[in-house]
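Have a look at the structure below, then the notes.
The values are calculated or read from the model by the stated rules, or taken from the named source; none is laboratory data. From a predicted model like this one, the values you see are computed outputs, not experimental measurements. Cβ coordinates were reconstructed from backbone atoms using ideal geometry, including for glycine residues, and neighbour counts include every protein chain displayed.
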Amino acid sequence: MPEILVYAEVQKGEIKKGAFEITSKAKALGGQVSACIIGKDVEGLAGELGKYGADKIYVVDGPEFENYLTEPYVQALAHVAGLVNPSIIFISASAQGKDLTPALAARLKVGSISDCVDLSMEGDKVIAKRPMFAGKAYATVEALGNPQVLSIRPNSFGVEEIAGAGDVEKVDVSLDTSKIKAVVKSVEVTESEEPDQTEAEIIVAGGRGMDNGENFKLLEELAHAFGPTATVGASRAAVDAGWIEHGYQIGQTGKTVSPNLYIAAGISGAIQHLAGMNTSKVIVAINKDPEAPIFSKADYGVVGDLFEIIPKLTEEIKKIKGQ
Amino acid sequence: MNSVVCVKQVPDTETLIKLNADGTGIETAGIKWIMNPFDEYAVEEAVRQKEKSGGAVTLVCLGPDQALDAIRSGLAMGADTAVHINDAEFAAKADPYATAVALAAAIKDLEYDAIFCGKQAVDDDAGQVASILGELLDLPVITIVIKFELSDDGKTAIVTREIEGGHAVIEVPLPAIFTAQKGLNEPRYASLPQIMKAKKKPVTVKTVADLGVSAEPMTVIKGMELPPERQAGKMIEGADAAAKAAALAKALHEEAEVI
Ligand SMILES: Cc1cc2nc3c(=O)[nH]c(=O)nc-3n(C[C@H](O)[C@H](O)[C@H](O)COP(=O)(O)OP(=O)(O)OC[C@H]3O[C@@H](n4cnc5c(N)ncnc54)[C@H](O)[C@@H]3O)c2cc1C
Ligand SMILES: Nc1ncnc2c1ncn2[C@@H]1O[C@H](COP(=O)(O)O)[C@@H](O)[C@H]1O
């Protein structure tokens, strides 16, 4: 039975959904599952991981972990890895996870695999499938070292309630402060309730056809009608025009997403945009040009003026949702 | 401030990816190669810092003969010199770990206050090399940087990095490693005279053996596949926008069952 260590990220006082996804996946792969949470005042959250398959939960709790910084988090997680001696480590490929994973692997003197979307076991080794070229191809990859360290793309696996023993243990980590050179001066996080694009189940994206930044309100209203798992996205043309922040950009040089529903409004469907969203389960294209390439990838196409269609669609969704 | 910038040559983002005959990699014939887009931000930032406070910019690139084009593009943007680790065999099977070992060996003999990398290479999409480099060179690494400022005494960098839903400002003593995200700056287009001048700038060529290191990859690609081609689906018809919107909402609710 492989010994799997899962890093469970805490954000805004809650364990992130991605952490539950990888915990339940670890359990489903037949592992003995340990989880680790790191932060300030996070001890009370730990028990929840037991519901999703964690047999043991290690808690590293202290003021020095209030804000994420690579080095102290690497030290803490490497310390827990030393206690658990796992053969596999899973980290959700969130913004934080993408920073932490290669640094942890390097500290443990092994390689790591980024942004895995599928996993299987071959004996005691985990084999991963991951996109390359922003999803234009998929590679089957094996990490040769021990432990195998993998970051897992959010939304790749469902959250399953499979109880583990759920024993919580607090761990004291004495940090080697001589290695902690960087200092977090300030952190600014918007209080928006919207999920990150990479974790949203529904994305309503706008492109050059939106004409200006103000009009993105139409997309926000539609996203709100869909509910709290929906958010807004954008093409690079819209970002470069300054209509919306770069964090919203979907595509090869933006975010790669695979929500249940992706609505592309006023987006032509350039190859770099498609690369970032073509694994979405259902794609809807709304475009006034019937020849727009996006239609050849869309499950549902609507030819028409987005400024007429989006507000009507928002009304219809509200009706369905009983709002 | 002296900077080192790691630049990788990658297929143009327009490229339609096809697999090679045995399905272990991509078909490279006919591909147009470019400097990794995120490395352009890295080069631009290093050149801007040089223009502000002096110093020199050295590019380091691991790649075969043709990677010289990416190096020349960076020199045309204003970098001064380059080290080309020209080792086709090593580069072909290098994973991020092996790449970082080679880059670290080339970098350790250079003078630098900052090392800039791209946020990720848009071919392997790993986002790992800079972090491994940090471990090998024992330097702090700040990833996903969208703003870079040097302190007045030139000893510290104050950078803004993207985090989920916002930004964090980090202060770090130099030397340190930074990965460039879109938004850090607007990379310049090299002028013709700069392109001509770049052809005369010195490029030191080395093999991995010259650098005195060896590294076996820590990850192996066992196979590659292309995602299933998406098919055009249904066109939603309707007399007007209201009818189309209603038909779409119904299809999403009852047929696709995504709402
Ligand atoms: C190195 C590199 C990296 C890149 N990375 C990315 C990336 O990550 N993401 C990305 O998106 N792009 C990326 N691009 C850019 C990409 O090539 C395209 O330029 C971009 O995606 C086009 O955006 P768009 O579809 O919004 O604009 P356009 O191609 O201009 O399309 C606008 C569409 O809106 C439609 N339209 C206009 N008005 C209306 C209306 N009222 N109602 C309905 N439809 C309307 C038009 O018919 C048209 O199809 C990259 C390019 C390069 C070179
Ligand atoms: N072969 C290479 N030569 C030079 N720099 C590289 C190479 N591979 C990766 N890098 C650097 O590391 C960054 C991240 O690459 P990766 O970890 O492969 O996504 C790139 O943007 C480059 O700055």
If I filter segment B:153-162 down to residues being of a type in the set (D, E, K, R) and buried (at least 17 other Cβ atoms within 10 Å of the Cβ), which single residue comes out as farthest from ligand 1 (Cβ to nearest atom)? B:161
Could you please find all residues in segment B:1-59 being within 14 Å of chain A (Cβ to nearest Cβ), farther than 28 Å from residue A:236 by Cα and within 16 Å of ligand 2 (Cβ to nearest atom)? B:25
Meets criteria (more than 7 Å from chain A (Cβ to nearest Cβ) and touching a strand residue (DSSP E or B) at 6+ places or on another chain (Cβ under 7 Å)) for residue B:192: no
Name the residue, out of A:135, A:207, A:213, that is at pLDDT below 95 and farther than 20 Å from residue B:163 by Cα. A:135
From B:180, B:198, which residue is farther than 24 Å from residue A:103 by Cα, more than 11 Å from every other protein chain (Cβ to nearest Cβ) and in contact (Cβ under 8 Å) with a residue 60 or more places away in the chain? B:198
Only one residue in B:136, B:150 is more than 23 Å from residue A:75 (Cα to Cα), assigned by TED's automatic domain parsing to the domain that holds residue B:57 and surrounded by fewer than 24 Cβ atoms within 10 Å (Cβ to Cβ), so which one is that? B:150
Quick test for you: out of A:255, A:281, pick the one residue that is within 16 Å of ligand 2 (Cβ to nearest atom) and under 19 Å from the mean Cα position of the chain (by Cα). A:255
Starting from residues that are touching a residue at least 24 places away in the same chain (Cβ under 8 Å) and of a type in the set (Gly, Ala, Ser), keep the ones in segment B:23-57 and report whichever is farthest from residue B:154 (Cα to Cα). B:23
Scan segment B:151-173 and give yes if some residue there is under 30 Å from residue A:247 (Cα atoms), among the β-branched types (Val, Ile, Thr) and in contact with a His (Cβ under 9 Å, 6 or more places away or on another chain), otherwise no. yes
Does residue B:216 meet the test of being more than 7 Å from every other protein chain (Cβ to nearest Cβ) and more than 28 Å from the chain's Cα centre (by Cα)? no
Restricting segment A:109-133 to residues that are out of contact with any strand residue (DSSP E or B) (no Cβ under 7 Å at 6 or more places or on another chain) and part of a loop (DSSP other than H, G, I, E, B), which is surrounded by the fewest Cβ atoms within 10 Å (Cβ to Cβ)? A:123
Can you confirm whether residue B:69 is assigned by TED's automatic domain parsing to the domain that holds residue B:175, more than 10 Å from ligand 2 (Cβ to nearest atom) and within 19 Å of residue B:124 (Cα to Cα)? no
Would you say residue A:90 is closer than 25 Å to residue A:279 by Cβ and of a type outside the set (Gly, Ala, Ser)? yes
Reported set for segment B:136-158 where residues are in contact (Cβ under 8 Å) with a residue 12 or more places away in the chain, within 9 Å of chain A (Cβ to nearest Cβ) and closer than 29 Å to residue A:116 by Cα is B:136, B:139, B:140, B:141, B:142, B:143, B:144, B:146
Sole exception among (1) within 15 Å of residue A:219 (Cβ to Cβ); (2) crowded, with 24+ Cβ neighbours inside 10 Å for residue A:273, by number: (1)
Yes/no for residue B:27 being of a type outside the set (Val, Ile, Thr), in contact with a strand residue (DSSP E or B) (Cβ under 8 Å, 6 or more places away or on another chain), more than 24 Å from residue B:111 (Cβ to Cβ) and away from ligand 1 (no atom under 16 Å from the Cβ): yes
If you scan segment A:231-247, which residues turn out to be at pLDDT below 95 and under 16 Å from the mean Cα position of the chain (by Cα)? A:247
Exactly one of A:201, A:142 is out of contact with any Ser or Thr (no Cβ under 6 Å at 6 or more places or on another chain) and within 14 Å of another protein chain (Cβ to nearest Cβ), and that residue is A:142
Pick from segment A:153-195, criterion under 30 Å from residue A:138 (Cα atoms) and exposed (fewer than 12 other Cβ atoms within 10 Å of the Cβ), ranking: farthest from the other protein chains (Cβ to nearest Cβ): A:161
Condition set within 11 Å of ligand 1 (Cβ to nearest atom) and of a type in the set (Phe, Trp, Tyr), scope segment A:221-251, selection farthest from the other protein chains (Cβ to nearest Cβ): answer is A:243
Within segment B:125-140, how many residues are over 18 Å from residue B:94 (Cβ atoms) and within 16 Å of ligand 1 (Cβ to nearest atom)? 0
Answer yes or no as to whether residue B:205 is surrounded by fewer than 19 Cβ atoms within 10 Å (Cβ to Cβ), within 16 Å of ligand 2 (Cβ to nearest atom), in contact (Cβ under 8 Å) with a residue 24 or more places away in the chain and not polar (S, T, N, Q). yes
Quick check on segment B:231-241. Is at least one of its residues of a type in the set (Lys, Arg), facing chain A (nearest Cβ under 7 Å), farther than 30 Å from residue B:136 by Cα and part of a helix (DSSP H, G or I)? no
